[in-house]
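Undergrad: There's a structure below that I have some questions on.
The values are calculated or read from the model by the stated rules, or taken from the named source; none is laboratory data. What you see is a predicted model; the values in this text were computed from it and never measured. Note that each Cβ is placed from the backbone with ideal geometry, even for glycine, and that neighbours are counted across all protein chains shown. For the accessible areas, the whole protein counts, side chains as well, though only heavy atoms, and no ligand, DNA or RNA atoms are used. Shrake-Rupley method; radii C 1.70, N 1.55, O 1.52, S 1.80 Å.
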Amino acid sequence: ESEKTTNLAIVINTGSFTSKGELLRGVFSYERHQFKFDKEVGLVMALLFLEAVFAFTMVAYFISDDAVYAWFYGMYVVAAVLPPLLPTVFTVSVGVSDNRLTKKRITCSNSEDILVAGKVTKAFFDKTGTLTRQGLDYLSAKCTGTWETESQDYSHDLILSMSCCHGLTLSMSGALIGNPVDTIMFNASEATMAGTSSARTITTRTGNNVKVVKHFDFDHHRMTQSVIVKKSDGSLVAFVKGSGESIKKLCLQEGLPSDYDSVVRASAKAGTYQISMAQKKLPKDLNVNDISRDTIEKDLSFVGVINFKNVLRDETPEVIRLLEAGEVQCIMITGDSVLTGIRIAKEAGMVKTGAKVYLCSERNAEGEFLWTNESDEEVDLPAFDHLQTGRSGVELAVTGEMWEAMLEYDPSEAEILAEAIRVYGRCTPFHKVSVVSTFVNMGYITLMCGDGGNDCGALKAAHVGVALSDAEASIVSPFTSLDKSIESVVEILKEGRCALASALASYKYVIMYGQVEAMCNIFNAYFRINFTEYCWVFIDGMWVIGMSFTLPLAKAAKTLAETCPTSSLLGPQTVSSVVGILLINFIFALLALNSLFNQDWFQCRQWESEDVSNLIVIGDNYEAQTLFLVMGYQMISTAMAYNFGYEWRGGWFRNWVFVLLVVIFTSLHFWVTLVPGKLSCFWRVNCENENVLYSIAAGEVLPIQNPFNTTVMPKDFRWTLVFLMIANTAMNICWDYFVVNGLRRRWARKERETNLQFAPSKDTGDFETV
């Protein structure tokens, strides 16, 4: 009956039960890490809102006789205090750095992470294909028959295992597809392959044909991969490959060479990537579809080991040096042997020259963690505080299994030890995630760099993920290096620090622009005056957009500095910078008005209108133009103070677009201040009736609206205003450069000096303070 009708099924639930499924679920459920300014922005907006309420109240009080005009003018002041450009400054800074990274062949799928990269202090690296070159070089093999020598005369079983025990498939063009290590091993066996992934036929170099009838993918928890092959005579054999430690546990002990452990250990210490092989003969009548992996992977007979050359990338030592110089601690997380990891870490510079390395790979009979040196001699750990500060001269290395045991035994103690651990070996993807997540929970901003599918979890767990691959790793990682070079890590961190510094500079400028404009409006309400139409065009248009959008164009510094820029919107550095310049600007505005009021030619705010809401006519007075000239230039001079790059961006003059705008705006501003004429009449500043221009708001050529028919100021007062503008600029720059950032640099230097750091002497191996 079922063959004649269509059967239907109702799906009541779905889930992710495979590693690929978990990967896809992780991609679709990605949640961005909360950054410091994400948490503070709400409080900033709340404080600005309270200020806006206060400013609105002040304006309403000053213009209380005209409620409608007071309402609209007050709302305009509110809009100044809460500038609409504020959300865009971070986007612009990020977009500029994103474009520069793209030109360096670094793609970014989540540009917000560029800002987070500016605060990275811990960088984790996979080993194979990341710190070392992509792919491995086949070195040699050792089989049971010729264990004492590395002969090219391999046993039949070793050749067959190298030919069959992998997950390679063929493309339509006949090229091998799969793990690079499997490809190198298969090519070394000189075998050929035909068929699909579900029905592969292997021809060994001796001419024997075997068929792969069952395949188990590499399991990161077991550290093994296995296949069942059917020989030409119908017999079945299972081949299992994996790490030396995992294969030893699965093999019959009488079949292992007596010096197996020492050979595996020596290879690992030499930096050799080693795979062990084992086999198991199965009954001919076995139903391979029903057999479990646990049944296959036990009571195995040892076959041999295959050695690959693990060569460090040429650029790795320099990249690690630059990162360490930039106060970014580099840590290795690898699935390979912890001893191999130590060797590569030393070559790369992650472990200081002359430092002692203690490793933990097992527990003793009492369940205590057993620490040994590189000579396999049991040692005691130095005091925890000495480990954290580096005074002990000891670096630590642990296996992923022991790391998990430490976390379970005493999480707080594990976190202390983590400060001194430089190498995590024999790590599964779960172990890698655990390590990175621990540092995230400790409050560090982390970066993970890897190239394989087993790095996906850690790439996602870190604040910043950098993939040196165009496969699975690039899906979950916000950054992908198209050139597959770890030099991209340095470029990302440089651009991250530049973007963060630029974003904070633009943020402070837009906040300051709002404060200065709000002060202008309150002064105007108090004096019952206003600026003319084109004054507002420059205040709300040309100046603020030009300055805030060119501040982020500064290029990144050439090297990583010893400090990171602040990411706090309410930290002492940001608040002192903004409040200090705000007070300076307010003082200079008062000085300008005081100077005006003390002029013998000055007569207080007179115009030919009794309607103070008539904005067209109440701008032709000396108070308005004095405030416009002095406080208007504060919007330029404040940007000049915030353009300094310090350690994270290029020099002040390297931001040439910004410098060009400053020169244009300053020249125009000083010309309008000093030279009455047609140009100054564009703003109705220093203007006489014969030079008045057409007014868009009035729809006609509107004469000067005061009894004097002029707004021209005496020459000596014009130079007084120019002097005040220059002095205001100098004070703003001195405050931000020498006071705010001078104290920051001094505090950072003092913190580094009080943080006892030790480095080994290359000659003696002793440690001395640096």
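Undergrad: Per-residue counts of other Cβ atoms within 10 Å, averaged by peptide: what ranking do you get for 520-529, 628-637, 183-192, highest first?
TA: On the way: 520-529: 20.1, 628-637: 24.0, 183-192: 18.0.
Put in order of decreasing packing, that is 628-637, 520-529, 183-192.
Undergrad: Further question on the same structure: Give me the distance between the Cα centres of the range 88-106 and the range 490-532, rounded to whole Å.
TA: Result: 21 Å between the Cα centres.
Undergrad: Further, regarding this structure: In units of 2.2 N^0.38 Å, what is the alpha-carbon radius of gyration of the range 132-184? Don't jump to the answer; show the numbers that get you there.
TA: Working: Rg = 13.5 Å, N = 53, 2.2 N^0.38 = 9.9 Å.
Ratio of Rg to 2.2 N^0.38 Å for the range 132-184: 1.36.
Undergrad: Sticking with this structure for a sec: Within the P(r) computed for the range 274-356, what percentage of the Cα pairs occupies the region above 17 Å?
TA: Values: 2196 of 3403 pairs.
Above the 17 Å cut-off, the range 274-356 has 65 percent of its Cα pairs.
Undergrad: So who's got an amide H within less than 5 Å of the one on residue 303, skipping anything under 5 residues away but keeping other chains? H placed 1.01 Å off N, in plane.
TA: Here the answer is 277, 278, 279, since their amide H atoms fall under 5 Å of that of residue 303.
Undergrad: For the range 356-497, state the average projected area of the convex hull of the C-alpha atoms over all orientations, rounded to one decimal in nm².
TA: Working: hull surface 37.9 nm².
For the range 356-497, averaging the hull's shadow over all directions gives 9.5 nm².
Undergrad: Given charges of +1 on the Cβ of Lys and Arg and -1 on the Cβ of Asp and Glu, with all other atoms neutral, how large is the dipole of the chain about its Cα centre, in debye to the nearest 20? Don't skip to the answer; put the middle values down first.
TA: On the way: 66 positive and 85 negative charges, 285 e Å.
Once rounded to the nearest 20, the dipole reads 1380 debye.
Undergrad: Each residue of the range 633-642 in order: what ³J(HN,Hα) in whole Hz does its phi give by Karplus 6.51 cos²θ - 1.76 cosθ + 1.60, θ = phi - 60°, with x for Gly and Pro?
TA: Taking θ as phi minus 60°, the curve returns 6, 4, 5, 8, 5, 5, 4, 4, 5, 8 Hz for the range 633-642.
Undergrad: Sticking with this structure for a sec: Based on Cβ point charges of +1 for Lys and Arg and -1 for Asp and Glu, what charge dipole magnitude is obtained for the range 617-762 about its Cα centre, in debye rounded to the nearest 20? Display every interim value, and only then the final one.
TA: Working: 13 positive and 10 negative charges, 222 e Å.
The calculated dipole for the range 617-762 is roughly 1060 debye.
Undergrad: Tell me which residues come under 5 Å, amide H to amide H, from residue 141 once H is placed; ignore anything under 5 positions away on its chain.
TA: Here the answer is 307, since their amide H atoms fall under 5 Å of that of residue 141.
Undergrad: What's log10 of I(q)/I(0) for the range 396-456 at q = 0.21, 0.28, 0.29 Å⁻¹, Debye sum over Cα points only, no solvent?
TA: -0.83, -1.41, -1.48
Undergrad: Let a ≥ b ≥ c be the square roots of the eigenvalues of the Cα gyration tensor of the range 311-353; is it rounded (a/c under 1.5), or, if not, prolate (a/b larger than b/c) or oblate?
TA: On the way: a/c = 2.02, a/b = 1.57, b/c = 1.29.
Judged from the Cα gyration tensor, the range 311-353 comes out prolate (a/c at least 1.5, a/b above b/c).
Undergrad: Here's another thing I want to ask about it. Farthest toward the dipole's positive end in the range 144-274, which of 207, 171, 160, given Cβ charges of +1 (Lys, Arg) and -1 (Asp, Glu) about the Cα centre?
TA: Value computed over the given set: 171.
Undergrad: For all pairs of alpha-carbon atoms in the range 323-423, what percent lies in each bin of width 5 Å, listed from the first bin to the last filled one?
TA: 2, 12, 24, 28, 22, 9, 3, 1, 0
Undergrad: With bins 20 Å wide starting at 0, give me the P(r) of the chain over every alpha carbon pair, in whole percents.
TA: Reading upward from the zero bin: 14, 35, 25, 16, 8, 1.
Undergrad: In degrees, nearest 10, range 0 to 90: what is the angle between the Cα axis of helix 656-674 and the longest Cα principal axis of the chain?
TA: Roughly 10 degrees, rounded to the nearest 10.
Undergrad: Can you tell me the mean projection area, over all orientations, of the convex hull of the range 133-232's alpha carbons? Units nm², please. List each step's numbers first, then the result.
TA: Numbers: hull surface 29.7 nm².
So the Cα hull casts an average projection of 7.4 nm².
Undergrad: Let me ask something additional. Mind listing the phi-derived Karplus ³J(HN,Hα) values for the range 270-282, rounded to whole Hz, using 6.51, -1.76 and 1.60 with θ = phi - 60°, and x for any glycine or proline?
TA: Ordered by residue, 3J(HN,Hα) equals 7, x, 7, 7, 10, 10, 9, 10, 9, 9, 8, 7, 10 Hz.
Undergrad: Could you sort 114-122, 482-490, 81-89 so that the peptide with the highest average Cβ count within 10 Å comes first and the rest follow in order? The partial results should precede the final answer.
TA: Working: 114-122: 24.1, 482-490: 19.7, 81-89: 17.2.
Packing order, densest peptide first, comes out as 114-122, 482-490, 81-89.
Undergrad: Oh, and also: Can you pull the Rg over Rh of the range 638-682, Cα-only, Kirkwood?
TA: Numbers: Rg = 14.1 Å, Rh = 12.1 Å.
Answer for the range 638-682: 1.17.
Undergrad: Listed here are the pairs 248/484; 119/241; 104/460; 122/555; which of them are more than 32 Å apart at the Cα?
TA: 248/484; 119/241
Undergrad: When the Karplus curve 6.51 cos²θ - 1.76 cosθ + 1.60 is applied with θ = phi - 60°, which whole-Hz ³J(HN,Hα) does each residue of the range 158-163 get, with x for Gly and Pro?
TA: With coefficients 6.51, -1.76 and 1.60, one gets 5, 4, 5, 5, 5, 6 Hz.
Undergrad: May I pose another question? Treating the range 66-205 as a set of equal point scatterers at the Cα positions, no solvent, please give the Debye-formula log₁₀ I(q)/I(0) at q = 0.20 Å⁻¹.
TA: Each listed q maps to, in turn, -1.18.
Undergrad: If you don't mind, another one. Can you say what percent of the DSSP beta bridges in the chain, counting only those with both residues inside, are antiparallel? Round to 5. Let's see the in-between values first.
TA: Details: 61 of 87 bridges.
Here the share of antiparallel DSSP bridges comes out near 70 percent.
Undergrad: Please list 344, 475 from largest to smallest accessible area, probe radius 1.4 Å, with all protein chains kept in place.
TA: 475, 344
Undergrad: Name the residue from 430, 102, 597 whose Cα lies farthest towards the positive end of the charge dipole of the chain, charges +1 on Cβ of Lys and Arg and -1 on Cβ of Asp and Glu.
TA: The listed residue farthest towards the positive side: 102.
Undergrad: Shifting gears a bit: Along each of the three principal axes of the Cα atoms of the range 669-733, give the extent in whole Å, ordering the values from largest to smallest.
TA: Largest to smallest, the principal-axis extents are 42, 22, 17 Å.
Undergrad: Over the Cα atoms of the range 455-574, what is the Rg over Rh ratio if Rh follows Kirkwood?
TA: Taking Rh as the inverse mean 1/r over Cα pairs, Rg/Rh reads 1.19.
Undergrad: State whether the range 566-694 is rounded, prolate or oblate according to the following rule on the C-alpha gyration tensor (a ≥ b ≥ c being the square roots of its eigenvalues): a/c under 1.5 gives rounded; otherwise a/b larger than b/c gives prolate, and the remaining case gives oblate.
TA: Values: a/c = 2.66, a/b = 1.73, b/c = 1.54.
Since a/c reaches 1.5 and a/b is larger than b/c, the shape of the range 566-694 is classed as prolate.
Undergrad: Can you list residues from other chains, or at least 5 along the same chain, whose modelled amide H is less than 5 Å from the amide H of residue 224?
TA: Under 5 Å from the amide H of residue 224: 219.
Undergrad: Can you show me the helix-derived [θ] at 222 nm for the chain, built from DSSP H runs with n ≥ 4 at -39,500 (n - 2.57) apiece and divided by the number of residues, rounded to the nearest 500. Show your work: numbers first, answer last.
TA: On the way: 27 runs with 341 residues, N = 770.
Value at 222 nm, helices only: -14000 deg cm²/dmol.
Undergrad: Expressed as cubic angstrom per residue, what is the convex hull volume of the alpha carbon set of the range 367-411? Show your work: numbers first, answer last.
TA: Numbers: hull volume 4.2 nm³, N = 45.
Hull volume over Cα atoms, normalised by residue count, gives 94 Å³.
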